[in-house]
Amino acid sequence: MLYQINVFCFFNKCQIRFVGIVFCITLSVLGGVFFPLSAEEKPADENAKKNDSDPKSVGLPSSIRFGGFIDSYYLYNRNLPKDTERNFTTQGVRNGEFNINLAYIDAKVEEKNYRGRIAFQWGTSVNANYAAESTTEKYSNQNSVKNIQEAFTGFKIGNDTWLDAGIFFGNIGHESWVSQNNVNYTRAFALDYVPYYSSGIRLSHKFTEKLSGQLQILNGWQNITDNNKDKAFGSQIKYKFSPSFILTLNQFAGNEAPNNERKQIRLYQNTILEWIVSERLSLVGQFDIGAQKAKQRFVYEPWLAVYDPSLGEYKETSSNAFRQWYHGTVWLSYKLTPGYRLSFRIERFYDPLQVMVNTGTQNGFMSNGYTTTFDILKFDPGLLRFEYVYRRSADSVFAYRDKQTSKKEDFFVVAFSMYF
């Protein structure tokens, strides 16, 4: 009996062991088939939950472009002034040395519903153009803004309507700050005494294929840090009679006096007429007129001294008079061959009341200018330029030799610029 029990127990133990082995094998097979599927699905679910909690990353638009520009020059001034820098200009200001007029790097984007550009700049023209920016403000001053060439964003708010806000190039005048866009290397007086840059918002609209326009609300006349509490207004009307004959009208109106002075409203009208005669010949004419309200006037009232001798015989009052100045410029450019171009510029700047240019002389700043430029175009995107400029003023205002002055100024410029 005991033997039977032992045999029975032996077989039971073996059966249990066999069943256990079969069960483990079955689990292993099932695990090999189904568990990998579960293992693959589980991380995916976890990643999905993780991605939902993480911030979305935005890729760069396909239209974004990175680039830059370098404009180097050497200027030989035949007046041989002791001063190392030229007056009455912001372009090619250094005498007798190699220097950088303008260098910048930029990124810009142009999509269907938005656009923008940011550019940082350096060079002698940058220092000259931003010299009037405030240096006393704590959070916005010359040191913090002068290396910003453009920084604006724009949104398409209608079929043919854009709204841009930030810092952008000024729209007044035919010549650009970027020398390679112009047929002459230096700038006309008419361009050196209008804004190279503006700060504010601009609304632009294309009415038809021929007619377009802009409206602007600005801090002022070429300033980022405002010098008063008033805002200025700008506008532009452009009409294309044909692709080769274009009329552009630019306007400006705003108070240019600091807060501690009486308002001095400045009004400006810029008219440009472009005629592209052929692929080789182009002709452009520009005429500007500006007017600014006088700061003050003095009325002769001798009876004032009777009551108060300290007042004198003249009483200072607000002025209703506007002082005016004028510019006139003509550009003629002709391609001798596809690789060579010859360009001429004739200009007249008339500011006898010294509204824009304070010379302290009897006739103010009344100057004529004559410019000849020879360009070698075959290095595109580079440009090699040789230029001669002669200017003559009614008064002796140009620096000359041993700290003297002269009525004339003439100089040669060699410049090389390149986009990249």
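The values are calculated or read from the model by the stated rules, or taken from the named source; none is laboratory data. As the structure is a computational prediction, the values presented were derived from the model and not from experiment. Quick reminder, even Gly has a Cβ in these numbers, built from the backbone with ideal geometry, and neighbours come from all protein chains shown. The area values use the complete protein model at the heavy-atom level, side chains included, leaving out ligands, DNA and RNA. Shrake-Rupley method; radii C 1.70, N 1.55, O 1.52, S 1.80 Å.
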State the percentage of accessible surface on the stretch 83-166 attributable to carbon and sulfur atoms; use a 1.4 Å probe and exclude ligands, DNA and RNA.
54 percent
Regression test value, accessible area per residue of the stretch 141-206, probe 1.4 Å, units Å², expected 34 Å²
Calculated FRET efficiency for the pair Asn259/Glu111, C-beta based, R₀ 45 Å, to 0.05:
0.65
So which chymotrypsin sites (Phe, Trp or Tyr not before Pro) in the stretch 153-241 are both in a DSSP loop and have at most 13 other Cβ atoms within 10 Å of their Cβ?
Phe207
Can you work out ³J(HN,Hα) from phi for every residue in the stretch 76-88, in order, using Karplus 6.51 cos²θ - 1.76 cosθ + 1.60 and θ = phi - 60°, giving whole Hz and x for Gly and Pro?
10, 8, 6, 6, 6, x, 6, 5, 8, 10, 8, 9, 6
Filter the GluC sites (Glu not before Pro) in the stretch 227-285 to those in DSSP coil with at most 10 other Cβ atoms within 10 Å of their Cβ, and list the result.
Glu279
Tail weight of P(r) past 15 Å, computed on alpha-carbon pairs of the stretch 222-262, percent:
56 percent
Amide H neighbours of Ala257 at under 5 Å, excluding residues fewer than 5 places away on the same chain, with H built from the backbone geometry, are Gln264
Label points 7 Å out from Cα along the Cβ direction at Lys206 and Lys229: separation in nm?
4.2 nm
Nitroxide proxy distance, nm - points 7 Å out along Cα→Cβ at Phe287 and Glu137
3.7 nm
Tell me, what HN-Hα J-couplings in whole Hz come from the Karplus equation 6.51 cos²θ - 1.76 cosθ + 1.60 at θ = phi - 60° for each residue of the stretch 355-362, using x for Gly and Pro?
6, 9, 10, 9, 9, x, 10, 5
Counting other C-beta atoms within 10 Å, and keeping those with at most 11, which DSSP coil chymotrypsin sites (Phe, Trp or Tyr not before Pro) do you find in the stretch 104-144?
Tyr139
Honestly the stretch 132-194 on the Cα gyration tensor test (a ≥ b ≥ c root eigenvalues; a/c under 1.5 rounded, otherwise a/b vs b/c for prolate or oblate) is just oblate
For each pair in Lys238/Lys335; Lys156/Lys206; Lys146/Lys295, compute the distance between the two Cα atoms and list the pairs where it is over 22 Å.
Lys238/Lys335; Lys146/Lys295
Once amide H atoms are built 1.01 Å from N in the peptide plane, which residues 5 or more positions from Gln354, or in another chain, come under 5 Å H to H?
Phe365
How would you classify the stretch 55-97 from its alpha-carbon gyration tensor, with a ≥ b ≥ c the square roots of the eigenvalues: rounded for a/c under 1.5, else prolate if a/b is greater than b/c, otherwise oblate?
prolate
